[in-house]
Amino acid sequence: MPLVELPLPRSNTDLPRDVRMFLRAADRRIEDFQHSICIPAFVPSDFPRVYDVLQSIAAESLAPGQRVCEWGSGFGVVTGLAAMLGFEAWGIEIEPQLVDAARKLCGDFDVPAEFIHGSFIPRGGDDLVEAGGPSAWLTPESDDSYEEIGLDPDDFDVVFTYPWPHEEEVMFRLFERYTAPGAILVTFHGADDIRLRRKTSRTKKRPRRKNHG
């Protein structure tokens, strides 16, 4: 398997003032959102801890470049934090109401993050999703999200995602197949469980399907 575990940075609770303000607003808006709209698959991660990890990736130049993509970006908080750290950050989210909320949150704080409404499954990756078994939250349908961004999955240097337990292997396989060697995968698994992995070699991509007719 071309993924190797990386050590996690020590937790740093001293968040910059602008990050604290951003997170306070995000917490309030998420609470209001969850009271008014029910999206069962939307569960926020530990944003300060994720910020620690992203900050260490930036400070220690662990990633080969500055492009970050959040797979299933929800309210856009992690994508926004990445942008605040100087990354070029995109979030891909299937729920349109969450995309709207993410754009408003980051727009209100002048955070230069971009959000795409669609599936983060790259073209040709449907087989990996289907092999993972039935999922109520993970769409097996790829679409034109990366075309809309103007980048391919292997153009991203860091990917963040918060998979449900039965989706973890699917996420790992997608990352293995479609990202470039050196790319870093950051995953949140609930509580204080964050994992950091690097892709060390290239895997063979599934050929893209040709359109006929």
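Values quoted throughout were computed directly from the atomic coordinates according to the rules given, and no laboratory measurement underlies them. Predicted model, so just to flag it, every value in this text is computed and none were measured. No Cβ is skipped: glycine too gets one built from the backbone with ideal geometry, and neighbour counts run over all protein chains shown.
Counting DSSP beta bridges with both partners in region 17-199, what percentage is antiparallel, nearest 5? Could you put the intermediate results ahead of the total?
Numbers: 5 of 22 bridges.
Expressed as a percentage, antiparallel bridges in region 17-199 total about 25.
To the nearest µm²/s, what D does Stokes-Einstein give for the chain at 10 °C and 1.306 mPa s, using the Kirkwood radius over alpha carbon pairs as Rh? Estimated via Stokes-Einstein, D reaches 91 µm²/s. Pick out, from 119, 131, 161, the residue whose Cα sits farthest towards the positive end of the charge dipole of the chain, with +1 on the Cβ of Lys and Arg and -1 on the Cβ of Asp and Glu. In the chain, that residue is 131. Rank 23, 76, 181 by how far each Cα sits towards the positive end of the charge dipole of the chain (+1 on Lys, Arg Cβ; -1 on Asp, Glu Cβ) and give me just the farthest. Going by the Cα projections, it comes out as 181. Counted by Cβ distance under 10 Å from residue 49, the other residues give a net charge of -4, where Lys and Arg count +1 and Asp and Glu count -1. About the centre of its Cα atoms, the chain shows a dipole size close to 560 debye [charges on the beta carbon of Lys, Arg (+1) and Asp, Glu (-1) only; nearest 20 debye].
How would you rank 104, 199, going from fewest to most other Cβ atoms within 10 Å of each one's own Cβ?
Working: 104 13, 199 23.
So the ranking, lowest neighbour count to highest, is 104, 199.
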